[in-house]
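Engineer: The structure is given below, and queries will be raised subsequently.
The values are calculated or read from the model by the stated rules, or taken from the named source; none is laboratory data. The shown structure was predicted, so the numbers you read here are calculated from the model rather than taken from an experiment. Cβ placement follows ideal geometry from the backbone for every residue including glycine, while neighbour counts extend to all protein chains displayed. Only protein heavy atoms, including side chains, enter the accessible area calculation; ligands, DNA and RNA are left aside. Shrake-Rupley method; radii C 1.70, N 1.55, O 1.52, S 1.80 Å.
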Amino acid sequence: MDSGEALLSQAVACTSCCGCGGGGTSAGEWARLLLTLPLELSAIGAKTEAHWLQRRNRSSWWRSNRFPKVPGDSLASIEANLPEPTSVWQKLVPLAVIFFCAGFNLTLIQNASHSLMVTSAGAEVLPFLASCGVLPASLAFFFFYGRLVELLPPAQIFYAAIAPLVAFYVAFAAVLYPAAPVLHPTGLAAALGPHLPVGFAGLLKMVEYWTYALFFCVAELWGPIVISVLFWTLANEVCTVQDARTIYPLMGIAANIALVVAGIFIKHVTAAVPQAGAALRVLMGAVLVLTGVMVATKAYMDRRVAVAARIAPPKAAPGSKRRGGLAESWATLRASPMIASLVMLVVAYSVSHRLFEFAWKGQLRMLFPSALAYQSVLADVSIATGYATIGLMLAGRLVFQFLGWGVAAATTPVVMAVTGGAFFAFSLFGSADTATLGVYAGAVTQVFARSSKFSLFDPAKEMVYIEMPAEEKRKGKAAVDLVGSQVGKSGASWIAQALLLALGSIAAALPIIAAIFGGVIAAWLAAVRHLNAQMEERERLARSSIAQSVTANGTGEAH
């Protein structure tokens with residue numbers, strides 16, 4: 001039996017015991033089992049494919065006739081490989097609390113900012129916000145964060161970076177939003193619109209509703225700053241590699257539970273508080289409270305949880321020069337077809353999802369024009385995304401092992417093509433009733449695109465690196481992060497802006513957006529097929545090399 005079955009069988013044996021001192025389990029052993037079982041179940045679900053392969057002496061990880069067991073077949077070996085349960089729980093609980101609160105706040109902030117901006121200014125404003133607002137705000141805040149790193153002790157950076165964000169959210173709900181009718185230059189778009197091309201309407205709306213646009217830009221900073229930088233820096237400091245394989249999957253589940261809880265909370269608030277301003281104050285008040293919980297938990301960790309020692313990066317050899325990051329990334333793309341295919345996957349996902357999102361939110365606004373109704377739909381999407389992500393995280397390992405890497409990697413673009421295609425077809429060729437069906441098909445696309453990002457797309461992308469040499473892996477990651485991420489994030493915004501400037505509105509540009517969406521999905525699937533063939537060829541060559549080595553060794557011994 002495997003490790004999880006061994007622990008469960010021991011639990012069953014304990015419950016069947018009468019409690020006598022002879023063969024029974026003591027209270028201390030029972031408590032240890034209760035502490036260990038969730039950690040071991042988490043370790044079973046961890047995405048440690050390379051570790052499984054190493055322990056099972058398997059060279060192929062994308063095609064297997066039988067499901068590989070987790071390393072360690074006996075309870076004794078499991079307990080020997082697990083970290084001390086008490087120390088793990090001391091790290092897991094506070095980290096899970098912080099991750100839950102951060103994810104909860106992210107859902108509240110983004111849903112509020114998107115619903116407010118789209119229902120007031122239209123979806124045409126989103127591409128301009130992405131390039132003209134969010135990007136400069138991100139660069140400015142990361143410069144501010146760099147100064148904090150230089151000036152403050154490491155333990156204080158978390159508090160100093162998160163404080164201005166939360167202060168602005170509260171100030172917007174309490175001051176800027178009530179004063180918006182006075183602060184906004186109402187009528188600016190109507191006055192200047194006739195003198196400018198129609199495509200500039202989104203930019204004019206962004207200026208006219210500048211307080212909402214500012215709130216939108218600062219709301220977009222919460223994810224990359226608080227979660228990607230602050231939280232994961234903290235997690236990587238307090239967790240060892242041995243801790244991570246147990247703790248990180250459970251933290252991921254906590255984050256997705258936060259999506260569900262936050263969505264339910266938003267729906268209750270919008271139903272109980274019909275005034276948009278009052279509902280916004282309740283949501284931002286909840287953000288303030290949850291941030292207080294995060295700060296208190298971080299303070300507890302500063303006092304009670306030891307920070308793991310970090311290994312300094314190796315120093316470069318004297319006289320050696322490293323080429324610039326972007327130049328090195330382009331050189332890697334030219335030299336490695338596998339890295340080029342990986343970049344294509346990342347670019348295709350980002351461009352197709354972002355273009356679809358622009359189009360879907362424009363149609364969604366027509367069906368739900370009020371901010372509260374729009375926000376309620378986004379809450380439903382968040383709830384469904386949380387449930388879908390948890391389910392796909394649990395099923396993802398089975399998909400990879402039983403159906404293969406190619407099927408797992410192609411699942412996301414295929415489903416996006418089917419559901420996204422239904423959205424565009426209903427929106428373009430249907431009546432008012434079918435347009436409603438199109439909006440719901442778009443909601444399904446949005447749920448799956450976001451949930452599959454963590455459960456199928458990211459693991460598939462990371463698995464490609466397993467078979468690469470160390471140097472190719474290092475350069476490949478840099479190329480994917482620099483080229484793929486930047487081109488993918490910015491490309492869709494620039495495409496949408498060009499279409500808006502040429503055609504005037506998202507509704508008018510919808511046929512071209514649909515054609516580009518279909519073309520990108522087709523290129524995405526072609527990259528998956530090409531990459532799968534490359535990996536199979538590399539595996540074939542590896543097997544051939546191993547066979548030749550064994551044959552040569554055998555011949556040498558015979559002589």
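Engineer: Here are some conditions: (1) at pLDDT 85 or above; (2) of a type in the set (Gly, Ala, Ser); (3) surrounded by fewer than 11 Cβ atoms within 10 Å (Cβ to Cβ). Ala552 meets all but one. Which one does it not meet?
Structural biologist: (1)
Engineer: I would also like to ask the following. When only residues in the stretch 400-439 that are over 22 Å from Gln363 (Cβ atoms) and without any contact (Cβ under 8 Å) to a residue 12 or more places away in the chain count, which is most open to solvent (accessible area, probe 1.4 Å)?
Structural biologist: Step by step, filter the stretch 400-439, then rank; the result is Leu403.
Engineer: Given the options Ile512, Ile516, Ile546, name the one that is open to solvent by 60 Å² or more (accessible area, probe 1.4 Å) and modelled with pLDDT of 85 or more. Before you say what the answer is, go through the steps one by one.
Structural biologist: On the way: Ile516 fails: open to solvent by 60 Å² or more (accessible area, probe 1.4 Å); Ile546 fails: modelled with pLDDT of 85 or more.
Checking each option against the conditions leaves just Ile512.
Engineer: What number goes with the only condition from (1) within 20 Å of Cys101 (Cα to Cα); (2) over 30 Å from the mean Cα position of the chain (by Cα) that Val182 does not pass?
Structural biologist: Looking at each condition in turn, Val182 falls short on (1).
Engineer: Would you check if Leu106 is assigned to a helix (DSSP H, G or I), touching a residue at least 12 places away in the same chain (Cβ under 8 Å) and in contact with a Gly (Cβ under 6 Å, 6 or more places away or on another chain)?
Structural biologist: Details: assigned to a helix (DSSP H, G or I): yes; touching a residue at least 12 places away in the same chain (Cβ under 8 Å): yes; in contact with a Gly (Cβ under 6 Å, 6 or more places away or on another chain): yes.
Yes; evaluated as a whole, the condition is true for this residue.
Engineer: Assess whether Gly484 counts as being open to solvent by 10 Å² or more (accessible area, probe 1.4 Å), modelled with pLDDT under 85, under 23 Å from the mean Cα position of the chain (by Cα) and within 19 Å of Val351 (Cα to Cα).
Structural biologist: Numbers: open to solvent by 10 Å² or more (accessible area, probe 1.4 Å): no; modelled with pLDDT under 85: yes; under 23 Å from the mean Cα position of the chain (by Cα): yes; within 19 Å of Val351 (Cα to Cα): yes.
When the stated conditions are applied, Gly484 does not pass them.
Engineer: Please give the number of the condition Ala441 fails out of (1) over 20 Å from Ile339 (Cβ atoms); (2) at pLDDT below 85; (3) not acidic (Asp, Glu).
Structural biologist: (2)
Engineer: Of the residues Arg397, Arg450, Arg474, which is modelled with pLDDT under 90, among the charged types (D, E, K, R), open to solvent by less than 40 Å² (accessible area, probe 1.4 Å) and in a helix (DSSP H, G or I)? So that I can check it myself, show each step before the final result.
Structural biologist: Details: Arg450 fails: open to solvent by less than 40 Å² (accessible area, probe 1.4 Å); Arg474 fails: open to solvent by less than 40 Å² (accessible area, probe 1.4 Å).
The unique qualifying residue is Arg397.
Engineer: Identify all residues within the stretch 158-196 that are of a type in the set (A, V, I, L, M, F, W, C), modelled with pLDDT under 90 and either open to solvent by less than 40 Å² (accessible area, probe 1.4 Å) or not in a helix (DSSP H, G or I) (or both); write none if there are none. Break it down into steps so the answer makes sense when it comes.
Structural biologist: As a first pass, look at the stretch 158-196 and keep what is of a type in the set (A, V, I, L, M, F, W, C): 158, 160-163, 165-168, 170-176, 179-180, 182-183, 188-192, 196.
Narrowing the set further to residues that are modelled with pLDDT under 90 leaves 188-192, 196.
Within the stretch 158-196, Ala189, Leu196 qualify.
Engineer: While we're here: Can you confirm whether the stretch 341-354 contains a residue that is open to solvent by 60 Å² or more (accessible area, probe 1.4 Å) and at pLDDT below 85? Even if it seems obvious, please write down each step before you answer.
Structural biologist: Here is the first cut: in the stretch 341-354, the ones open to solvent by 60 Å² or more (accessible area, probe 1.4 Å) are 344, 354.
If we keep only those that are at pLDDT below 85 too, we end up with none.
Within the stretch 341-354 (the criterion being open to solvent by 60 Å² or more (accessible area, probe 1.4 Å) and at pLDDT below 85), the answer is no, since none of the residues qualifies.
Engineer: With modelled with pLDDT of 85 or more, under 17 Å from the mean Cα position of the chain (by Cα) and assigned to a helix (DSSP H, G or I) as the only criterion, which of Val207, Val218, Val226 stands out? First the steps, then the outcome.
Structural biologist: Details: Val207 fails: under 17 Å from the mean Cα position of the chain (by Cα); Val218 fails: under 17 Å from the mean Cα position of the chain (by Cα).
Result: Val226 is the single residue among Val207, Val218, Val226 that is modelled with pLDDT of 85 or more, under 17 Å from the mean Cα position of the chain (by Cα) and assigned to a helix (DSSP H, G or I).
Engineer: While we're on this one: Any residue in the stretch 130-151 that's farther than 19 Å from Phe231 by Cα: show its pairings with residues that are of a type in the set (Ser, Thr, Tyr) and open to solvent by 30 Å² or more (accessible area, probe 1.4 Å) at Cβ separation under 9 Å, as long as the two are six or more apart or on different chains.
Structural biologist: Correct list of pairs: Ala130/Ser490; Ser131/Ser490; Leu135/Ser490.
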